[in-house]
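Worksheet: one structure, shown below.
The values are calculated or read from the model by the stated rules, or taken from the named source; none is laboratory data. All values derive from a computational prediction rather than experimental measurement. Methodologically, a virtual Cβ is constructed for each residue, glycine included, from the backbone with ideal geometry; neighbour enumeration extends over all protein chains shown.
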Amino acid sequence: MQAPHTHPTAGRPHPAAVLRRRWPTALALVVVTLNVIASGSEDVADAVGGFGETLPLLPLIYLLVNQIGKPQATWPVLGAGLVAVFALPFQDVIAPSTVLIALSFVLLAWGAVRGTPHGRAAFGVQAVGALLFCGLALAGLTADPDLGRYLLAAGWFCHGIWDFVHLRLDKVVSRTFAEWCGVIDVLVAVQLLFLV
């Protein structure tokens, strides 16, 4: 009896199946590409300002989803955060980063007093992340733009690693968000270093 003939692509998933499974990465690539096109030849100070004002949103999402205790809340929390990030610059009273960092401190106080669904250890990890990433955002925004771009690139890159660790551990946020955010964060760091 002859062995059945195998198709050359047997064992390899169809590209459409890969895209369905890796849609967060594909979406991240589209978002970053559109951002690069829209920013054009953005000057360093503008890029530092924009990415610095947005960086505190990343740990805020983790803190809030950790307090809610439901990873499925991640995408709605991101949506609300993006609305805030785009709406806050329309007022000239307070910087968006200040609002985001203040909200992070409120969540830190809430978690310290009330506790968290995932326990003190998980809360402690999120607290360290919030302090680190908010600190890098503040340092990048207050430093000279040439130094600020490196501080912010470090913040975005390190948050990408943070996302991939959470993706691997399948903790706190949804897996799709962790993948999407990790890809965006690393690419934003590259954009800050090489395209601005």
| query | Any idea which of D163, D92, D185 is outside any helix (DSSP H, G or I), under 17 Å from T54 (Cα atoms) and either modelled with pLDDT of 95 or more or of a type outside the set (A, V, I, L, M) (or both)? | reply | D92
| request: Hey, could you check region 20-55 for residues that are part of a loop (DSSP other than H, G, I, E, B) and more than 16 Å from A143 (Cα to Cα) and say which is nearest to the chain's Cα centre (by Cα)? | output: R22
| When region 152-171 is examined, which residues are found to be crowded, with 22+ Cβ neighbours inside 10 Å and aliphatic (A, V, I, L, M)? | L152, A153
| Given the conditions (1) within 19 Å of H159 (Cα to Cα); (2) touching a residue at least 40 places away in the same chain (Cβ under 8 Å), which single one is not true for V36? | (1)
| remark: Within region 33-72, the residues that are more than 17 Å from A122 (Cα to Cα) and among the small types (G, A, S) are A38, S39, G40, S41, A45, A47, G49, G50, G52
| task | May I ask you to list pairs of residues, at least six apart or on different chains, whose Cβ atoms are under 7 Å apart, with the first in region 99-125 being in a helix (DSSP H, G or I) and surrounded by 13 or more Cβ atoms within 10 Å (Cβ to Cβ) and the second being hydroxyl-bearing (S, T, Y) and at pLDDT below 95? | result | A122/T116; F123/T116
| Out of region 164-187, which residues are over 19 Å from A121 (Cβ atoms) and among the charged types (D, E, K, R)? | R175, E179, D185
| Number of the condition not met by V65 [criteria: (1) of a type outside the set (G, A, S); (2) buried (at least 20 other Cβ atoms within 10 Å of the Cβ); (3) in a loop (DSSP other than H, G, I, E, B)] | (3)
| Residue, farthest from L78 (Cα to Cα), within region 137-169, restricted to residues that are touching a residue at least 24 places away in the same chain (Cβ under 8 Å) and more than 14 Å from the chain's Cα centre (by Cα) | D146
